[in-house]
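Comments concern the structure below.
The values are calculated or read from the model by the stated rules, or taken from the named source; none is laboratory data. The structure displayed is predicted, hence computed values, not measured ones. Glycine also receives a Cβ, built like all others from the backbone with ideal geometry; neighbour counts cover every protein chain displayed.
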Amino acid sequence: MKTAVKRLTSEDPPGSTHRDRARHLQALKRARARQARVQQKLAEADAEVRQLVAEGFSLGIPGQKLADAAGLSKPRVYQIRDGR
């Protein structure tokens with residue numbers, strides 16, 4: 001969802017009001033809050049992938065099969081297994 005944002009500069013015409021600036025700052029706060037929520041979800045998904053890779057090795061699943069399932073390289077799943 002893209003929101004059209006009017007840029008304001010110190011050289012803006014008289015039409016750029018305090019209200020315009022306040023709306024802009026509120027839009028920025030909302031975008032940053034959305035960004036923080038997405039980053040949190042990404043961190044949670046990353047932790048889940050790491051856990052599943054580690055469990056997969058514990059179950060005896062070969063590294064290449066784990067890599068294929070995760071969409072990662074074989075060396076990367078071994079790095080995850082080793083805590084890197």
Exercise. Quick one: what pairs do we get from the range 36-50, first residue under 17 Å from G71 (Cβ atoms), second in a helix (DSSP H, G or I), C-beta under 7 Å, 6+ apart or different chains?
Worked result: V49/A70; R50/I80
Seminar exercise, completed: Here the residues within the range 64-84 that are modelled with pLDDT under 95 and aromatic (F, W, Y) are none
For this session: Could you grab me the full set of residues in the range 29-84 that are hydroxyl-bearing (S, T, Y) and part of a helix (DSSP H, G or I)?
Result: S58, Y78
Exercise. Hey, does the range 16-24 have a residue that's modelled with pLDDT under 90 and assigned to a loop (DSSP other than H, G, I, E, B)?
Worked result: yes
